[in-house]
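Worksheet for the structure shown next.
Each reported figure results from applying straightforward, stated rules to the coordinates on display, with no laboratory input. Nothing here was measured: the structure is a model prediction, and the numbers come from that model. Note that each Cβ is placed from the backbone with ideal geometry, even for glycine, and that neighbours are counted across all protein chains shown.
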Amino acid sequence: MKKSITIALAAVMLTTACSSGTNANSGSDDGGGGNQTLTLASVDQGSIEDVIKAFEAANPGVKVNFTTSGADQYQAQIRTQLSSGTAPDVMTVWPGNGNPGATYVLSKPGYLLDLSDQPWAAKLPDSFKSVAQYEGKTYNALFGLNGIGAVYNDEALSKSGLNAPTTWTELLSFCRDAAGKGTPAYALGIQDNWVTQLVLYALAATVVFGQDKDFNTKLAAGQTTFAGSAWTQAMAKYQDMSKAGCFQKNPLGTSYEASQTLAATGRTLGIIQGNWIIGLLKGKNPNGKFTMTALPATDDPATFLMPAAAGAGYGVNAKAKNKELALKFITYVMSPEGMKLFNEKQGSLPTLPDAGTTVDPGLKQLTTFVQENKTVPFMDQLWPNAKVQQTMLSGLQEVFSNQATADDVLKDMDTEYKKGE
Amino acid sequence: MSADLQVRPPGRTVSPASPRRRSRVAPPWWFVLPALLLFAFVVLVPSARGIYYAFTDWDGLDPDFALIGLRNFTDMLDDGDALQAVWHTLVIAVAITVIQNGIGLLLALGVNSMIKTRNFLRVLLFAPAVITPIVTAYLWRNLLGPDGAVNSLLGMVGLGSWRQDWLGDPDLALWMVVLVVVWQFAGYSMVIFLAGLQSIPREIYEAAAIDGTGAVRRFWSIVRPLLAPAITINLMLSIIGGIKLFDQVYALTGGGPGHATDTISTLIYKDAFTLGEFGYSIALAVVLTVIVSIVSAGQFVVLNRNEKAAS
């Protein structure tokens, strides 16, 4: 038995030696001459393909080898590749912190190349800089941004004879009236737990950050907590909406997919979601028109803020085999041309002004809010670890099924927040 | 072939071509090496290395990690989610084992009888077991939705008041997971029981019938002891399957609402791949391995004893 273990170990070592040998070979292949290959891993299924095609067309002789996968799978894959030195040259990186593929998480151990000297880095608006940078250096080429608000099915709304609410008081009576007519105001599909956060973010943007723009800084400095701040009001308003009949019955048994069907077919008047939902709703109802507005959280529309945040961008591997080509690709993504292609395909807004992107007419209000700087990043992007958000997501499900109170959830979030990175 | 062999005179034959002689030679021990090496490379070595990480704070990425002794294991005792998940896992495993085998045995007894459609029924009842569990779970997720087929059916037959948010209600969701697994695998247990039933010779039933035994007595005194091997296999398979249940839970409820249906396996997945707490997640996996080993070893010893006593 002892002998066979020794042999097994020898076999393992031999295999490892072989595989590192192969790596070295393929590395030297890439370096040579005009035939240039860029490796890329992405989660932007459905849009990255077009960008690559355009990039290859603009750079003759360049070939992009790429893989795409879902976020969960991608995050597991990229971490393994980075730690074993087999990661691609360019890869999807999420803004800020709080998920396993985020900027802070990957740049802290030195896996990402510093992009601070790129011309676009200085032009990023401040709210995106904070999540594209780690310790003052830019690591993430953020090209698109998304917002959260109330999206209405225009046809269903006019059929109901109701008007989209513009204040908190109007919102509650709108919900009661809509429920009274048998068509609830908003579809809510919180069987998929990430959906639980959207309404809360839409409320917290105005309620928490409208009162105190520096809430995150104070939270990080330990001067305030979730449970001891306006977050309790945001939570209370979420529950008020539920009590007023704003959502269809049984939200916990309704999936994200099912909630889209409800809103697209007019069985609810709308849905509280990110702007990406408009494309999905149109997929289910090609003749439908959908308009996004800020979710009223107070009675003074001048105080409204919308959650708007950069979507996943691209980072460059610090050990990229072809750094020059990787930077060329990043430059293309951040050029008006690349940005237009990406964002129109994804239904998002460009992060740089004057990118010439055509935006869906239903997103006019979000565009205005972005231009007037009346937005707040998605709250989780500046939390120190992924557990805070996961605690909130399952906690909100527990609130909806009476297994926990809103205060319990906020206190648990404080506990996880204080554990730090 | 075997009849042919029996005719040969016993005793050693000199011919090396004789099949009997060849079968007596034990193969050299090192014949097992290639398979053992492969097994060691893909299973033993990674598992052993994996256990090492259970004693670290590795995040799956950073090459700088520290040995933290037993902290991951002691943390588990303070982690309400983990303790809840262990409880859910045990409830699910016991419920699936009892219900799936109960139904499987009844089905086997049914299709072992002389009813005309028995072949058709055997195929029909086994059919769900050939579908991928994840597909079954997504199917049921739609059927059990608030506007799904189950609620519509209840409404149609005048049982509207029985309609529920089957997967959204934390008191029901765990039982829906059990329902889906039992629906899929009761037919699987049935097939194993059926094989056992068919190996019981007709003559024993006939003799018992002549002695004037009733159906219950016949089941208890003849079928149960002779079916013991099939019972052992079925109980082992369903309890191990129940303890490590992942696909169905993940696709049906994702462990929710809240943590109401989280099992050890879904927690392992979430801690590793959503939270990046690889050390803690591997520690949970080690605990799961220990639980599975203890339960199956214990079960094997008890059932094996019963089997021997029965035969």
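For the range B:44-310, the Kirkwood estimate of the hydrodynamic radius, built from every pair of different alpha carbons, is 21.1 Å.
Taken over the range A:81-155, the convex hull of the Cα atoms encloses 142 Å³ per residue. Per residue of peptide B:269-278, the mean number of Cβ atoms on other chains within 10 Å of the residue Cβ is 5. Taken over the range A:130-230, the alpha-carbon convex hull comes to 166 cubic angstrom per residue. Give the distance, in whole Å, between the Cα centre of the range A:146-212 and the Cα centre of the range B:233-309. Each part reduced to its Cα centre gives a spacing of 41 Å.
Note that the range B:83-235 carries a Kirkwood radius of 17.8 Å, evaluated over its alpha carbons pair by pair. For the protein assembly as shown, a/c is not less than 1.5, where a ≥ b ≥ c are the root eigenvalues of the C-alpha gyration tensor, and a/b does not top b/c. That puts it in the oblate class.
The value of relative contact order for chain A, using C-alpha pairs under 8 Å at least six residues apart, is 24 percent. Farthest toward the positive end of the dipole of chain A, out of A:Ile271, A:Ile330, A:Thr80, is the Cα of A:Thr80, where the dipole comes from beta carbon charges about the Cα centre. Label positions at B:Leu77 and B:Ile204, each projected 7 Å from the Cα along the C-beta direction, are separated by 4.9 nm. Quick check: Cα centre of the range A:239-275 to Cα centre of the range A:298-326, how many Å? The two parts, judged by their Cα centres, are 28 Å apart. Charged neighbours of A:Leu171, selected by a Cβ distance under 14 Å, balance to -2 (K, R count +1; D, E count -1).
Figure legend: label point modelled 7 angstrom from the Cα of A:Lys63 along Cα→Cβ; residues of the range A:320-336 with amide N under 16 Å from it are A:322. Under the simplified labelling scheme, the A:Asp240-B:Tyr138 pair shows an inter-label distance of 4.1 nm, with each label point 7 Å from Cα along Cα→Cβ. Of all beta bridges that DSSP places with both ends in the protein assembly as shown, some 60 percent have antiparallel geometry. As a rough guide to protection, the peptides A:248-261, A:155-168 ranked by mean Cβ packing within 10 Å, highest first, stand as A:248-261, A:155-168.
Remark: mean inter-chain Cβ contacts per residue of A:246-256 equal 6, using a 10 Å Cβ-Cβ cutoff to other protein chain atoms.
Remark: the range B:194-311 projects, on average over all directions, an area of 9.9 nm² (convex hull of Cα atoms). Stokes-Einstein diffusion of chain A at 10 °C, 1.306 mPa s viscosity, Kirkwood radius from Cα pairs, rounded to a whole number: 69 µm²/s. In chain A, a dipole from Cβ-located charges (positive for Lys and Arg, negative for Asp and Glu) runs towards its positive end, and of A:Pro301, A:Leu157, A:Phe66 it is A:Phe66 whose Cα lies farthest in that direction. Based on every Cα atom in the range B:174-226, Rg and the maximum pairwise Cα distance Dmax equal 15.5, 48 Å. Find out how many positive minus negative residues lie around A:Lys289, taking Lys and Arg as positive, Asp and Glu as negative, among other residues whose Cβ is under 11 Å from that of A:Lys289. Taking every other residue near A:Lys289 into account, the sum is -2.
Within the set A:Lys249/A:Lys419; A:Lys418/B:Lys270; A:Lys328/A:Lys387; A:Lys218/A:Lys282; A:Lys129/A:Lys345; A:Lys218/A:Lys249, which residue pairs have Cα atoms separated by over 31 Å? From the list (A:Lys249/A:Lys419; A:Lys418/B:Lys270; A:Lys328/A:Lys387; A:Lys218/A:Lys282; A:Lys129/A:Lys345; A:Lys218/A:Lys249), the Cα-Cα distance tops 31 Å for A:Lys249/A:Lys419; A:Lys328/A:Lys387; A:Lys218/A:Lys282; A:Lys218/A:Lys249. Basic side chains Lys and Arg get +1 at the Cβ, acidic Asp and Glu get -1 at the Cβ, and with that the dipole of the range B:44-310 about its Cα centre reaches some 1580 debye. Counting Lys and Arg as +1 and Asp and Glu as -1 over every other residue whose Cβ lies under 15 Å from the Cβ of A:Ala406, the net charge comes to -3. Enter the mean number of other protein chain beta carbons within 10 Å of the beta carbon of each residue in B:249-260, as an integer. Mean number of neighbouring Cβ atoms from other chains: 6. Approximating the spin labels as points 7 Å out from Cα along Cα→Cβ, the B:Arg218-to-B:Phe246 distance works out to 4.6 nm. Each principal axis of the range A:266-366 carries a Cα extent, and these read 52, 34, 24 Å when sorted largest first. As a size descriptor, the averaged projected area of the C-alpha convex hull of the range B:164-257 was calculated at 7.8 nm².
Both numbers refer to the Cα atoms of the range A:189-270; Rg and Dmax are 15.2, 47 Å.
Annotation: the residues A:Ser116, A:Ser127, sorted from fewest to most other C-beta atoms within 10 Å of their own C-beta, follow the order A:Ser116, A:Ser127.
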